[in-house]
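The structure appears right after this line, and notes come after that.
Derivation of every value follows stated rules applied to the coordinates shown; laboratory data play no part. Here the structure is a predicted model, which is why all the values come from computation and not from measurement. Note: ideal-geometry Cβ built from the backbone for every residue, glycine included; neighbour counts use all protein chains shown.
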Amino acid sequence: MERVHFRGNTPKINVVKHTFLDICNEIIGRWRNYGARVSALSMEEFEEIYALRSGIEGLAARLIAKKVESEHLPALRQELNALEKLTQNADLFLYLRREWQFRVHCYQLTQRQRLLKQVLLLREHSERYIYLTYHEETRVAESFDFHCRLLDAFEKQAGLQAENILQEALRWTLTNAGPLVESMLVTLK
């Protein structure tokens, strides 16, 4: 890309310069992975990602339940209440973004940066499969129920229960998206 030079320091030039830089930052932020090679959908990748997520996110849920402080719970409950409002005919992408933000806030309570990085990496790899799970309106309500149960387990500091709930939620994703992934693979052949 050719470098752009702004000469002068008048208010109009500053407005143009900042607007231009904001637009460039928006484009770069939106297309940060532009040109990246994406592997083809595969059932093997789908199953492997969710097996890895089940293990690592299950561990994170267990650790959260052990470490959560009572002062963290009101903020998590408030986030969950806000998420509930999105279960009723809301934009699916917005629901999924907020649902993931809730989980990231939970995972941060583990205070394990390496674990958090692994969770984020696996989630990024699974993202293209996630939307296949939510092909019916009832799926959002089911997803929300898992989050309610998970927060209840955190409040009780029930580590094993939290781990089981999270793993059940990921198996639910496998069960609901798996057939769609398989049918897509058949039509792509």
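Miscellaneous remarks
- The gain in end-to-end length when the W172 to L92 segment is fully stretched comes to 27.0 nm, 0.36 nm per residue minus the alpha carbon separation.
- Order of F93, F154 - criterion: other Cβ atoms within 10 Å of each residue's Cβ, fewest first: F93, F154
- Pairwise centroid distance, computed over Cα atoms, of segment 94-111 with segment 130-189, Å: 15 Å
- Highest-first arrangement of 141-148, 163-170, where packing means the average Cβ count within 10 Å: 163-170, 141-148
- Difference of contour (0.36 nm per residue) and Cα-Cα distance, A51 to A141: 30.1 nm
- Extending 7 Å from the Cα toward the beta-carbon at both L185 and E69 defines two label points whose distance is 4.6 nm.
- A simple rule links phi to the HN-Hα coupling: the Karplus curve 6.51 cos²θ - 1.76 cosθ + 1.60 with θ = phi - 60°, which for segment 145-160 gives 4, 4, 5, 4, 5, 5, 5, 4, 5, 4, 4, 7, 6, 9, x, 5 Hz, with x for Gly and Pro.
- At full extension, D152 and H125 could sit 6.9 nm farther apart than now, given 0.36 nm per residue minus the alpha carbon distance.
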